[in-house]
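Read-outs throughout are calculated quantities, based only on the coordinates presented, and are distinct from any laboratory measurement. Remember, it's a predicted structure, so these values are computed and weren't measured experimentally. Virtual Cβ from ideal backbone geometry, glycine too; neighbours counted across all protein chains shown.
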Amino acid sequence: MAHYEFVLDTSVVLASIGSANGASRWVTQLATQQKWQLVVSNYVVREVENNLDGLLSVDIVYFNWLKTQWIQVDDVVTFAWVTIFEKSKDRPVLFTALAYADVLLTLDQEDFGAILNTVLYGLK
């Protein structure tokens, strides 16, 4: 079984605590069993907390459990290699993923659409 490190974007965290039936919940539930390490940045945690009131439903028990499963890391706001990424508000998510993970998991097609299903400096 491969060991992967996933940086979770705000959209994945919100989807996993907002619906028990989606892929985001599945990924977060199976992470330990599959030896996937879940990583979130301080920026993502703040975004999640700021958006909780906007969810139709929140599984607060699952959210509290999920917080015990992830590793929270400092934001990476600059990157040494040339990176053109138009959405400046999401650069910390991308740069943190590049610094800490193998994979960036996001549902945000609007902001990350140009790089979805690509590999950027080894990051899937």
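Annotations for the structure displayed:
- Near GLN72, once Lys and Arg are set to +1 and Asp and Glu to -1 for all other residues with Cβ below 15 Å from its Cβ, the sum equals -4.
- Taking each residue as 0.36 nm, the span from GLN29 to ASP53 lengthens on full extension beyond its C-alpha to C-alpha distance by 6.3 nm.
- Separation in nanometres of the label points that stand 7 Å from Cα toward Cβ, at THR68 and ASN21: 2.8 nm
- Peptides 56-63, 45-52 ordered by average Cβ neighbours within 10 Å, highest first: 45-52, 56-63
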